[in-house]
Amino acid sequence: MWRRAATAALSLGVGAGAVAVASSEDPAATLKVCTHLPPRLLRDSVTAATIAFDYKWSLWGLEPGTPAWQSAKHDTHLRSANRLQELCFRNGGIYIKLGQHIAQLEYVVPEEYVQTMRESMLKRCPVSSYEEVRQVFAKDLGESPETVFAEFDPVPLASASLAQVHAARTHDGQKVAVKVQHDHLTDTSVVDIATVDLLVNALHYIFPTFDYRWLVDEVRESAPKELDFLNEAKNSEKCLDNFRRLSPHIAGSIYAPKVYWNLSTSRILTMEFMDAKEVTDVHGIKAIGIHPVDVSNLVSKAFAEMIFKHGFVHCDPHAANMMVRPMPQDSRKSFGWKRPQLVLLDHGLYKELDYTTRISYASLWKALVFADEKAIKENSVKLGAGEDLHALFAGVLTMRPWQRVIDPSLDHLVLDRKNTDYSELQEITKGHLVDA
């Protein structure tokens, strides 16, 4: 079996490498990148085989549901999550993005995977050397960072899965943040997605109940959008324009950094430098005179406007992409607190919702609030959840098990963050994935 899998892996790797070289604007550089494909495939194969063997061996002979089985399963989940984490870090690029996706799926994948990825994927991202940054500038702008800008800090302020950000100053004295894509990512993304696809399909072949191929499809759809920084710049301007046109009552409370189009390309994005606090920095927010509750309310209002009015929704709203600062040139206060302004960053990934979808989604939330089982099913079907998936869909949206969702008590949707609720949702999800 493993010989067939290895042969398939080699064939897939060669094919993916050939496609990457043929479609690249720099075939020579891409060919050099693709020389790293065999060791990446080997790491993928070894990781998949090790995880598969660990589950088979560790749970062999144990009765499902018993304390011994539960304990062995927990330990195996944890070991496997650490192996997958290490694979993501060693391969980098799209693999880091995959790990970040997993970190957000607490209602789908085991808690051990979610916590392991969440604790590391936003803090240990790859960092490109300054020489690699200079190469991106040379290819895209034809000059070095020191020439393009009056000042350019070679040490990045932050690094993420696809890019890193440097502080700089333009020749007219404006302080800016420069987002620089990790070199060769556009070329290697084709290979990376193919190898991730191989890993997931191999595990599904061994364990039919392990079916996360849909996750690869998500990465395949989102990666090209996130790798085009000009698309990100257009999205940021469209987002602000939507608030000005459709939500003028809170437009002043929403902001996105100004884009310097003449200093931006598909791999370099130059933006206004923002001095603000992350939305989860409660102490920092209070220190600048803003009440955290006001921030929470503003975030909720902003995304409600995007979902139900604009139909153009920011799809990567984690803490590092949402910052807050006092409303500029505003002396008004609420009970002694300054009014907040929400600063949205990283506009690479948006979803468009048509009018019918927005109406159905609003009706679904009304049904969820009033525990209306019939309306929940009706609107879930309209949104594409299918006749038999409405309970799962409701659970994903509310983070509550089905019996709590349809409980008529007033606090039935209040989150208490108990793991038992997630465990039930994971079991429901697993069952539906297997049936699919």
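Data overview
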| read-out | value |
| --- | --- |
| Label point distance in nm, residue 139-residue 378, each placed 7 Å from Cα along Cα→Cβ | 5.4 nm |
| Taking all pairs of distinct alpha-carbon atoms in segment 301-373, Kirkwood radius in angstrom | 14.6 Å |
| Cα-Cα pairs of segment 347-389 separated by more than 11 Å (percent) | 63 percent |
| In order through segment 271-280: 3J(HN,Hα) via Karplus (6.51 cos²θ - 1.76 cosθ + 1.60), integer Hz, x for Gly, Pro | 10, 4, 6, 10, 9, 8, 9, 5, 5, 8 |
| Per-selection Kirkwood Rh - segment 138-252 (Cα, Å, 1 d.p.) | 17.6 Å |
| Segments 364-374, 250-260 sorted - mean Cβ within 10 Å per residue, highest first | 250-260, 364-374 |
| Cut-off 13 Å (backbone N to label point 7 Å along Cα→Cβ of residue 50), residues of segment 87-125 | 87-91 |
| Share of carbon and sulfur in the accessible heavy-atom surface of segment 69-113 [1.4 Å probe, %] | 49 percent |
| For peptides 168-181, 402-415, sequence by mean Cβ density within 10 Å, most packed first | 168-181, 402-415 |
| Relative compactness, segment 58-165, computed as alpha-carbon Rg over 2.2 N^0.38 Å | 1.54 |
| Residues of segment 204-317: accessible area per residue with a 1.4 Å probe, Å² | 47 Å² |
| Burial ranking of peptide ranges 187-197, 153-163 (average Cβ count within 10 Å, highest at the top) | 187-197, 153-163 |
| Residues whose placed amide H lies under 5 Å from that of residue 341, excluding near-sequence neighbours | 325, 327 |
| Number of Lys pairs (Cα under 23 Å; 8 or more positions apart or on different chains) in segment 277-407 | 21 |
| Calculated FRET efficiency for the pair residue 241/residue 68, C-beta based, R₀ 51 Å, to 0.05 | 0.30 |
| Stokes-Einstein translational diffusion, segment 359-415 - Kirkwood Rh over all Cα pairs, 0.890 mPa s, 25 °C, in µm²/s | 226 µm²/s |
| Nitroxide proxy distance, nm - points 7 Å out along Cα→Cβ at residue 329 and residue 272 | 1.1 nm |
| Debye intensity ratio I(q)/I(0), log10, segment 213-328, q values 0.10 Å⁻¹ (C-alpha model) | -0.35 |
| Per residue solvent-accessible surface (Å²) - segment 66-185, probe of 1.4 Å | 44 Å² |
| FRET E, pair residue 407, residue 115, Förster distance 35 Å, beta-carbon r, rounded to 0.05 | 0.80 |
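The values are calculated or read from the model by the stated rules, or taken from the named source; none is laboratory data. From a predicted model like this one, the values you see are computed outputs, not experimental measurements. Every residue, glycine as well, gets a Cβ built from its backbone with ideal geometry; the counts of neighbours run over all protein chains shown. Protein only, heavy atoms only, side chains kept; ligands, DNA and RNA dropped before computing areas. Shrake-Rupley method; radii C 1.70, N 1.55, O 1.52, S 1.80 Å.
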